[in-house]
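Remarks on the structure that follows.
Each value in this text was obtained by applying a stated rule to the coordinates, not by laboratory testing. Everything numeric in this text was worked out from a predicted model, so none of it was measured. Here the Cβ positions follow ideal geometry from the backbone for every residue, glycine too, while neighbour counts run over all protein chains shown.
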Amino acid sequence: MIKFPNKKQIFTIFSIILILVNLIVAVLIFYDIQIIESPKTDVEIKVVEITENELILEIKMKMQNPNNFDVSIEDFKILSMTENGDEIGELDIEGGVISSDESKTFIATDKISFNENSDFIKLNNKISGKIGVIFLGFIKKTIPIELNVITSLEEIINNIEIPDIDLEFIFEELTNDGLKFTAGVNILNENNIGITINDFTLYAINDFNEEVGSFKIKGGEIKPNDKSFFNTTGVLFYSFIDTQELILSLSGDASLKIAGMNKSISLSTEISVILPDIQEFIFQNENIKFYIPVQFKLTIRGIVANVGFKYYNPSNISLFTRNINCSIKRVDGEKITQIGIEQMESCIIDPKQEVCIETEILIPYVEYLKAGNWRLIPNWIVLTIEGDFSIAGTRQAFPLSLNAYVNPNLFKNQEFVE
């Protein structure tokens, strides 16, 4: 006859079985916890867009599950902070389940902004969340996980295109002070943020690497993906342009706003300018009028020639005559012989004015006759004016050479003067 346990015995047996099950489950859970491996995690944070008011980051979190059971990614957040601990952005990452020995990539974007006084500093990104594991098909265990990723905002600088600068320099006209010019700066902003150009300084450097002038060019704002032109006018003093080649060096800085931060960048460029022929600016296709009046007198000492040089200045500046020599030659067939020469006084010729300078040349009779092999009347008498015109205060000069042919029969009508 089978004897069944009573209620007390059944309760005792059930309690023992329950205790054994709990012990087994606890042991299994403890064992599983010991063998759980955290997912291998790679985090990539990069700047995908820059605007004046915000910075857009793309976060890629690739997780690989090395366990032989599924894990779930839950409640993941990214908290962006400055080095000083100021919070500037927070982003939730939608989780999911990663199968055994599989990998999964979670992608999200975040918008952050700084205050105006911020600097380009490192960005601390604190990633936190939970990894969930299900044991025995019905027991769930979560393990907290925390990562810290540092992003250097220096890469923002690399994403900023330095504006293209094209420097123009045009000479216009001569003034009393020097050569007037227009300097222009074309700037192309290829960024999607605006740029404010502060004042430029244009330095003029001569052949000896000496700074001979500096000029300010007022800047302004350039809209995103746009271009602007800034210019100024000035005068290069004549002492400045006393060189063959001029180096023009432009320097300045620009300010821009990136994600709320103010940032300055340096701008510079340089061009070489060949100085123009000053004569082009002086005469400007104006008619140049020269007159060389002459009178011959026969004296006891010889033939005296009173020679004048009359010149009209068509330019807007004063010209200075220097090293002006007047010579007289007689022409006998193919033979040309100089028979007299004198230097004429230097003088200043004001704009749109006419000036006449004179000199007296004595030609001894013996010299005159010997030059023509004792022939009295030559074929021609030639007056030659040679020298330079220059601009006061500079070595800039251009040569002058004029010839005037005089009919020698003038001598026949000359009176003798004691």
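Observations on the structure shown:
- Of the cross-linked pairs K62/K126; K111/K257; K60/K227; K218/K352; K40/K141, those separated by over 25 Å at the C-alpha level are K60/K227; K218/K352.
- For the stretch 66-86 versus the stretch 338-366, the gap between their alpha-carbon centres in whole angstrom: 98
- Of all aspartates and glutamates in the structure, those lying under 15 Å Cα to Cα from K180, and not within fewer than 8 positions of it along the same chain, are E168, E172, D242, D277, E280.
- Counting Lys and Arg as +1 and Asp and Glu as -1 over every other residue whose Cβ lies under 14 Å from the Cβ of T232, the net charge comes to 0.
- Ranked by the mean number of other Cβ atoms within 10 Å of their residues, highest first, the peptides 94-103, 325-334, 162-171 come out as 325-334, 162-171, 94-103.
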